[in-house]
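*Asks:* Handing you this structure, nothing more for now.
Any read-out appearing in this document is the output of simple, stated calculations on the displayed coordinates, not a laboratory observation. Bear in mind that the values here come from a model prediction, so they are computed numbers and not experimental data. Reconstructed Cβ throughout: ideal geometry from the backbone, glycine too, with neighbour counts over all protein chains shown.
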Amino acid sequence: MGGNSMKTSTPPPKPLDEVLESTHDVASEVQKASDDLAVVHTVLEQEVPKDAQAGDVAQAIAHTGEIERKLAKSADQLVEANQALAEEIERLKSAQAPARRTTSASNQSA
């Protein structure tokens, strides 16, 4: 039974600092999309004549406003998650620093 048993290794996990940077970028992009959609919504509301804002057009205008609010909320939640992640990273680094000093001191005295 000579099947090829090559194992594929999974890439090592990214350091939390890199993950945090990536999530900051995502939050920025979501906020930008929200801002852009808010502009589109405002232009549609103000520039499309009121008598033309009926049926599908009215629904589309309302929908852009709903999507913009959801994106803005998601961007805010990402900012909060990023802050929590940054605090956790700092907590982990602080907790690991004394352990590193203890290990280093033990290795030097051995």
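*Asks:* Under 15 Å from the 7 Å Cα→Cβ point of V79, by amide nitrogen: which residues of the stretch 25-61?
*Replies:* Counting only backbone N, you get 25-36.
*Asks:* Let me ask something else about it. According to a simple spin-label model (label point 7 Å from Cα along Cα-to-Cβ), what is the distance in nm between A95 and R69?
*Replies:* 4.0
*Asks:* Quick check: residue separation of D36 and E88 times 0.36 nm, minus the Cα distance between them. What number comes out in nm? Working shown, then result.
*Replies:* Details: separation 52, 0.36 × 52 = 18.72 nm, distance 3.20 nm.
Here the segment from D36 to E88 would lengthen by 15.5 nm.
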